[in-house]
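Here's the structure we're looking at; comments come further down.
The values are calculated or read from the model by the stated rules, or taken from the named source; none is laboratory data. This one's a predicted model, so the numbers in the text were calculated from it and none came from an experiment. Please note: Cβ atoms are built from the backbone with ideal geometry, for glycine as well, and neighbour counts cover all protein chains shown.
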Amino acid sequence: TYYKAFKLGENIATTKGSVIFRNDLIELIQYEPVTANVYKRPLLIVPPWINKYYILDLRADNSFIKWAVEQGYTVFIISWVNPDRKLAQKRFEDYMTEGVLEALTQVEKVTGEPDCNTVGYCLGGTLQAVTLAYLAATKQSKRIHSSTFFTSLVDFELAGELKMFMDESQLMLLDKEMTEKGVLPASHMKKTFSMLRANDLVWSFVINNYLMGKEPFPFDLLYWNDDSTNMPAAMHSFYMRYCYHNNLLPKPGGVTMAGTPIDMRAVDTDTFFLSTREDHIAPWKATYATTQLFKGDRTFVLSASGHVAGVVNPPHKKKYCYWTAKDLPSSPESWLASATQHDGSWWGHWEEWLRPRSGEKVAARKPENVLDEAPGTYVRAKPEV
């Protein structure tokens, strides 16, 4: 089967790097530079923890991580643990404090830099927004110089098809299952997301590529899609109720993190939002709402295609298109009406935005204090529940 054809670190997730830090929730990977000089300010990527981080490092010819390293960035990424019952009590705020904030501390430590640029993808972007609001509330905003959001929801009012799974009766059933097992099993999320990803992951490739003979079938994507993770009960219950069901993140003081009420309106960091037109998981009009919450310099870009294929779209493929506009009116429809269409991938457009926010060039940094080679151990774990 396609599943047996892949081995992590051999023909999938192969970009060279090292695990330089590990705690209960994360392994932090630092990638090997391939340029003599790199931009001074490091880049930290916060992926979702519903699937594995290597969606951004599938193959050499479509790896966002490899491409970013080649552009001269010192790239770090969080590889989240696949939790078992022992981590049942890990909360959403623990994912912030032991995940993003700890990763920031480690990046600062190994590079000697006081701040970094960050990228959050999907749920990782939601956590990134919470972290930005927490840093603003605790007078630590300067630790993140800029933040990029890939297909990320903060305001869940228009959160789309996933809300069908979030009514009170279904939440009670999920809470019961999580109480018994300590986690929401990976199999549950896999079924839900596979239904929503069907158009994006499978049928678009079957119709456009496989049947038309344009490209080989993307078995690497199917392998990744099948490689789901468990969710700690405490964290996932918070996420479903506070985000999806009650939509408290956009409300000032609606959520308290590590003892601190947070307010998204206090975020004054430069931000770049990348959303995709056919996204069923994070509908672009819902993700656009964050541009109206934050302050600071904000840029919104819309890509063709969906939640995965619209993000993992390397420039050399010359696929799809994207839209840009200078102004950010309150309505997403008004934004699109004024937007300009561009052919191909948005990656280069984003890199042009990131470059002036990345400082001067310095000598390339190699990983030190290596615990393990990338992709590490957490990405391989499949605990029984």
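Key figures for this structure:
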read-out: Candidates 119, 110, 100, 69 - the one that is touching a residue at least 12 places away in the same chain (Cβ under 8 Å), within 17 Å of the chain's Cα centre (by Cα) and assigned to a helix (DSSP H, G or I); value: 100
read-out: Candidates 127, 173, 162, 132, filtered to the one that is under 18 Å from residue 237 (Cβ atoms) and crowded, with 22+ Cβ neighbours inside 10 Å; value: 127
read-out: Matching residues, the stretch 222-279, being among the basic types (Lys, Arg) and within 30 Å of residue 191 (Cα to Cα); value: 241, 277
read-out: Candidate set: the stretch 337-385, residues that are assigned to a helix (DSSP H, G or I) and among the small types (Gly, Ala, Ser); chosen: the one farthest from residue 7 (Cα to Cα); value: 337
read-out: Meets criteria (modelled with pLDDT of 95 or more and either touching a helix residue (DSSP H, G or I) at 6+ places or on another chain (Cβ under 9 Å) or not aliphatic (A, V, I, L, M) (or both)) for residue 213; value: no
read-out: Flag if residue 148 is crowded, with 16+ Cβ neighbours inside 10 Å, modelled with pLDDT under 95, of a type in the set (S, T, N, Q) and over 16 Å from residue 238 (Cβ atoms); value: no
read-out: The stretch 290-308 - residue that is modelled with pLDDT of 95 or more, farther than 16 Å from residue 323 by Cα and in contact with a helix residue (DSSP H, G or I) (Cβ under 8 Å, 6 or more places away or on another chain) and, of those, surrounded by the fewest Cβ atoms within 10 Å (Cβ to Cβ); value: 295
read-out: Test: residue in the stretch 10-28 that is surrounded by fewer than 22 Cβ atoms within 10 Å (Cβ to Cβ) and of a type in the set (Ser, Thr, Tyr); value: yes
read-out: Among (1) crowded, with 18+ Cβ neighbours inside 10 Å; (2) modelled with pLDDT of 95 or more; (3) in a loop (DSSP other than H, G, I, E, B); (4) in contact with a helix residue (DSSP H, G or I) (Cβ under 6 Å, 6 or more places away or on another chain), the one test that residue 311 misses; value: (4)
read-out: Residue check for residue 340: of a type outside the set (Gly, Ala, Ser), surrounded by 15 or more Cβ atoms within 10 Å (Cβ to Cβ) and touching a Phe, Trp or Tyr at 6+ places or on another chain (Cβ under 8 Å); value: no
